[in-house]
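Student: Okay, handing you the structure first.
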Amino acid sequence: MSRNMAVSIIEHERIITTLTKAKAIKPQVEKLVTLAKVDTQHNRRRAFAQLRDAGAVEKLFDVLGPRFAERPGGYCRILKLAKRRLGDAGERAMVEFVERTPAEAAGASDDEA
């Protein structure tokens, strides 16, 4: 489950999940972004070993690594959502990257309704 969530965060740059899952996945994603700041074959293989998704690894090293090259850490943030989940009333949270691509940021306003 954590592998799929990490791939989703990398691909979509924002996901909505429960607060507990968000807190569990954030350190894993931040370590992957730190790994992507140095683009070597060894680092790509280490990232692929964790993610098992070639598209996510490609975006991680080609887009996210260079974007956060100057940033020393803190690539993700967790925002708590007011509306609880239906069914078990679990707390919901949004995990997103602190800096987003302009295309992703423009599309985000259309997604939320």
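The values are calculated or read from the model by the stated rules, or taken from the named source; none is laboratory data. From a predicted model like this one, the values you see are computed outputs, not experimental measurements. We place every Cβ from the backbone using ideal geometry, glycine too, and count neighbours over all the protein chains shown.
Student: Please count how many residues of the range 28-50 are hydrophobic (A, V, I, L, M, F, W, C) and under 13 Å from Pro66 (Cβ atoms).
Tutor: The qualifying residues number 3.
Student: Next question, about the same structure. So, in the range 22-49, exactly how many residues are closer than 20 Å to Leu81 by Cα and in contact (Cβ under 8 Å) with a residue 24 or more places away in the chain?
Tutor: Selection size over the range 22-49: 4.
Student: Given the criteria within 20 Å of Glu91 (Cβ to Cβ), in contact (Cβ under 8 Å) with a residue 24 or more places away in the chain and basic (Lys, Arg), does Arg52 qualify?
Tutor: In short, no.
Student: Please count how many residues of the range 68-79 are more than 15 Å from Val95 (Cβ to Cβ) and either surrounded by fewer than 18 Cβ atoms within 10 Å (Cβ to Cβ) or under 12 Å from the mean Cα position of the chain (by Cα) (or both).
Tutor: 5
Student: Taking the stated definitions as given, is Asp39 of a type in the set (Asp, Glu), at pLDDT 95 or above and either within 15 Å of Ile16 (Cβ to Cβ) or not in a helix (DSSP H, G or I) (or both)?
Tutor: Judged against the criteria, Asp39 is a match.
Student: Considering Ile9, Ile15, which residue is within 24 Å of Leu81 (Cβ to Cβ), within 11 Å of the chain's Cα centre (by Cα), not in a helix (DSSP H, G or I) and not charged (D, E, K, R)?
Tutor: Ile15
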